[in-house]
Amino acid sequence: MNMSSDLPLFSRRRILQGTSSGFGYLAFSALSTWAAEQGTAGGASPLAAKAPHFAPRAKRVIFLCMSGGPSHVDTFDYKPKLAADDGKESGRGRGGPATLLAPRFQFKQHGRSGLWISELFPNVANHADDLTLVRSMHTDLPNHPQAFSQMHTGTSQFVRPSLGSWALYGLGTLNENLPGFITINPPAQNGGAKNYGSAFLPAIYQGTKIGAAGFPGGGAGPGRRAAGGQETMSNISNPRYPAEVERTQLDFMQTLNRAKLQREGYDPQIEGVIQSNELAFRMQNVVPQVMDLAKETEATKKLYGLDNSATETFGRQCLMARRFAEAGVRFIEVSFGNWDQHRNLTADLERNCSAIDQPIAGLLTDLKQRGLLKDTLVMWGGEFGRTPHGQSGDGRDHNNKGFTLWMAGGGVKGGLSYGSTDDYGYEAVENKVHIHDWHATILAILGLDHEKLTYRYAGRDFRLTDVYGNVVKEIIA
């Protein structure tokens, strides 16, 4: 610099000239940091397996989601005092006094552990020594949309990544030719796709929806465009063109996508499309094989109840879940509903449980026989429970203050009853477990620290459990 110049040492023009190039470096630095965080630097797949924070107890999760809120006091939460006080008035109804309704079915102790389980689940009861009954669950609101959303995403107020998406983001998948997160027959209501969506996480981490094709009474079936996306998979096993022609078409389309991405600089939607298209192409050869139940033995099909019209639908879905787990899918959710039994409780509850009891027991048996149960976390439950008082003569209202979930397999202590509700099953009173605690515990079983599993978005680090959650160490083996 010429110090004899008449221009001032620091003028606005000189400051802008000297710093303008720095903005580009800042942007480049931010993009480089983002790429490193996503594991995409150097061409690495975002679905590649990642190291957990610590040694995991389980490698994968199968979540049996019971939409609508099953009645815990009729299934897995034994309340003899509720039976004894049947017909008495309770002051805990929504609009004032309400009449207590005894459990509609009998309970018995099962296994060496002596867990109390309803007669509605005779086959699941045979696995009592594999189960951890968490009988002190509670959540924030007694409304289906909010509670269902909180069970899946940790919040009832905002659009956030789902539990399965967080698990896939933290660990990657075990088979890059398959989606890492699959949801089978999810309900369209109560939040719909956001319950398996990735929100602000990259699109590749959202759940792949598989409808009920091949399941009696089901809807649309599996299809190519669902890879990493929310659309139901359709026609994946019946491509219109030979693989080499489709590869040529895809290469051309991907060239256009990458050119647009280069022009835009950073666009997660375009990146998600690129990654999803590649995964979808690979899925064409793998998914039809995984979903083909024809190769299963007749004994295995019978184990899941495929020979019985009452159990065939859910049995197929559970068998599909086992096949996906065996093939390397990280997180599988299987949904069944409706459990929203404000009336006709006795008949509807018996019908629902009859449809799922044998398939679930078959799944646990099959996983154990194949050596998969030891590192597969199986979970069962709904968004909340039901009240101990009656409604409409033979029904129960929503209850978010106390309900039961159970877990089995990798990472949990078998034959354990953890926590409790009061004498009538209305409210969790001992060793209370909030949904945030449940999420923290699931991630811990997978080897993930829920406080460290974060994603930077909108200027802050987000996590599944927000600023809450404690790992329930007492149930972890």
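The values are calculated or read from the model by the stated rules, or taken from the named source; none is laboratory data. Not measured: the values here are computed from a predicted model. Note: ideal-geometry Cβ built from the backbone for every residue, glycine included; neighbour counts use all protein chains shown. With ligands, DNA and RNA removed, areas are computed over all heavy atoms of the protein, side chains included. Shrake-Rupley method; radii C 1.70, N 1.55, O 1.52, S 1.80 Å.
Taking all protein chains in place and a 1.4 Å probe, what share, in percent, of the accessible surface of region 70-200 do carbon and sulfur account for?
45 percent
Once you keep just the Cα pairs under 8 angstrom separated by 6 or more residues, what percentage relative contact order results for region 394-451?
Relative contact order here is 26 percent.
Where does the charge balance sit around Pro359 when Lys and Arg score +1, Asp and Glu -1, over other residues with C-beta under 13 Å from its C-beta?
The answer is 0.
Per the Kirkwood treatment, what hydrodynamic radius in Å, one decimal, follows for region 107-216 from the mean inverse distance over all distinct Cα pairs?
Hydrodynamic radius (Kirkwood, Cα only) of region 107-216 equals 16.4 Å.
Along Cα→Cβ, 7 Å out, is where each label goes; now give me the distance between the ones at Phe105 and Thr346 in nm to one decimal.
The modelled label-to-label distance comes out at 1.4 nm.
Using a simple spin-label model with points 7 Å from Cα along the Cα→Cβ vector, what separation in nm is obtained for Lys295 and Tyr468?
With each label placed 7 Å out from Cα toward Cβ, I get 4.4 nm.
Ignoring ligands, DNA and RNA, what accessible area per residue does region 121-204 give at 1.4 Å, in Å²?
About 27 Å² of surface per residue is accessible.
In whole percent, and with a 1.4 Å probe on the protein chains, what portion of the accessible area of region 308-405 is carbon and sulfur? Don't skip to the end; give the middle numbers.
On the way: 1130 of 2760 Å².
Whole-percent figure for carbon plus sulfur exposure: 41.
If you count only protein heavy atoms with a 1.4 Å probe, what accessible area per residue comes out for region 312-408, rounded to a whole Å²?
Computed with neighbouring chains in place, this is 26 Å² per residue.
Checking the cross-link filter: which aspartates and glutamates have an alpha carbon closer than 12 Å to that of Lys260, excluding same-chain neighbours under 8 positions apart?
Candidates past the 8-residue exclusion: Glu271.
Quick one: Kirkwood hydrodynamic radius for region 96-147, alpha-carbon pairs, angstrom, one decimal?
13.7 Å
Loop-only chymotrypsin sites (Phe, Trp or Tyr not before Pro) in region 405-477, please: DSSP not H, G, I, E or B, and at most 15 other Cβ atoms within 10 Å.
Here the chymotrypsin sites (Phe, Trp or Tyr not before Pro) that fit, given the DSSP loop and packing criteria, are Tyr468.
Output ³J(HN,Hα) for region 192-208: one whole-Hz value per residue in order, computed from phi by the Karplus curve 6.51 cos²θ - 1.76 cosθ + 1.60 with θ = phi - 60°, and x for Gly and Pro.
x, 5, 5, 6, 10, x, 9, 6, 7, 5, x, 4, 5, 8, 7, x, 9
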